[in-house]
1. Past the 21 Å Cα-Cα mark, which pairs from K136/K222; K136/K499; K146/K241; K146/K492?
2. For the chain, what are Rg and Dmax over the alpha carbons, in angstrom?
3. Of all DSSP beta bridges located in the chain, what percent are antiparallel, nearest 5?
4. Quick check: residue separation of Q274 and L258 times 0.36 nm, minus the Cα distance between them. What number comes out in nm?
5. Can you give the accessible area of L92, probe radius 1.4 Å, in Å² rounded to 10?
6. At a 1.4 Å probe radius, which order do D335, D20 fall into by accessible area, largest first?
7. Fully extended, how many nm does the chain gain between D423 and I496 (0.36 nm per residue separation, minus their Cα-Cα distance)?
8. Taking a probe of 1.4 angstrom, what is the accessible area of E208 in Å², to the nearest 10?
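The values are calculated or read from the model by the stated rules, or taken from the named source; none is laboratory data. Being a predicted model, the structure only gives us computed values, none of them experimental. For neighbour counting, all protein chains shown are included, and Cβ atoms are generated from backbone atoms with ideal geometry for every residue, glycine included. All accessible areas refer to the heavy atoms of the entire protein, side chains included, with ligands and DNA or RNA removed. Shrake-Rupley method; radii C 1.70, N 1.55, O 1.52, S 1.80 Å.
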Amino acid sequence: MISLLVMVACTPPEERFPADPEDYCKEITFQHNTSITEQLTPYSSYINNKKTGVYVLEQGTEAMFTRAWLSEHAQNTIDVQYFIFSTDNIGLLAIDYLVRAADRGVKVRILVDDIMLEAKGDELLTLNAHPNISIKIYNPLANVGKNILQKLTNLVTDFHGFNQRMHNKTFTVDNLVSITGGRNVADEYFGYDHQYNFRDRDALLVGEAPKQIEQSFEQFWKHKLSVPVSELLSDDNSNIKPNFEKLHQYACNPKNFLPEVRAQIKAMPAAFKQAVESGDVYWLDNVEYVSDAPGKNDAETFLCGSGIATNRLIQLVEQANTSITIQTPYLISTDLSQEIFKSLVAKGVKIKILTNSLASNDNLDAFSGYQRSREALLQTGIQIFEFKPDAKIRQKVMSQEMLRQLDQQPIFGLHAKSMVIDDHLTVIGTFNLDPRSANLNTESIVVIPSHSVAEKVKATMLVEMQPENAWQTTLDWNPDQEVDLSKRLKVKTRMIVPKSIL
């Protein structure tokens, strides 16, 4: 953590938009003839009967297209809540969509956790200066508006508070449609990074469940931990009208936003209709969105305290009768989770978990926690599979446009946080099976009661546990030796980090 703070503090700013005299936007027509409400009119009977339309977003490209489609046709509001919002290519394109929506009169609220927000102070202030855009930073102890001395002081004097992060990820338009799940806003979550990409999963929700998500967003937005960016940064240009022309030109440049991708976004209404007609959108009762409260816990028990999402997940898991299939990028068990798994296996529940191998893992600290408890976890009787960095499944879930451009395929890591219980209940969310998600980070899950959804998601999970995609780890063998000695040694140096903060 300290090395990360020093690195951020000492990294010189790069020029975001190099000078380019070309007007790339002149050839692009931006049309917003219909709203999301109008496009969903054919399904109004479901919506009026308080049902939730559920579509599972497996591919990074469709997850990106859907967010763009919603932004383009938002009529009143867009509420965005993320743990990571990077100003890389995907992040800048996302911001461009939000600015264009705000230009149409849509009220845009952006709530981002402080610790991994990658944006310059003047960029945040410029965006916040738009009359229809408001930005708040959650728990700003580590990054925005802080120098290195302030960061280190906060880390030392308020270690518990410093570690209480907002891990929720939601994108809601007009209180009618939401996307929630594992994806942050950055290239690697949508299959567009050149070196490393994630296999991830979101759920698109239409109708009733977005109202629950919006209630949670309001709770976070109004909480004292969510601080307006204008209170964190001094603005010497507060009276100057913001100019987003360079951003628009960046997003219009075909090198940054391929024309074939734009075409696919325009085709989203037809694609959604086709998904409904083919049975891939399920209209369900009782879809449940569960979120921790801001702040998570009151620190009465240091680095512990559980939370609403943790307790709900335990309830769901303990109700299992036949099987539980899980994907989690970080798998750090505790005495409690090991006892739960052991008791479930004893009553005949078959448990399979897919997590990252050392070769596919992007978080060595988390892997060290997993490595320390892997044997004890296997002794409970569950099956563990570890994701391969060259999993064949990546060819189906990555951006095909990106794959065609690269000479060498990027490493592939698991980031999906999903669970299927007894073949009839699916959980998709932000919750990792680790102490940090259980006790420190605010987390959220959507609980989908549908045999059909569970069947599809589980089938995908089981494919990703096959030998071409994952290694099966046993008490006698694990794939740690598949990486070079230096990476194995780096994990060993993390052994001193307490599991309670991993």
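1. Where the Cα-Cα span goes over 21 Å, the pairs concerned are K136/K499; K146/K241; K146/K492.
2. Gyration radius and largest Cα-Cα distance of the chain: 22.2, 69 Å.
3. Values: 46 of 76 bridges.
Of all bridge pairs located within the chain, approximately 60 percent are antiparallel.
4. Stretched out fully, the Q274 to L258 stretch lengthens by 3.4 nm.
5. For L92, the solvent-accessible surface is approximately 10 Å².
6. Solvent-accessible surface, decreasing: D335, D20.
7. Extra length available between D423 and I496 comes to 22.3 nm.
8. Answer for E208: close to 40 Å² accessible.
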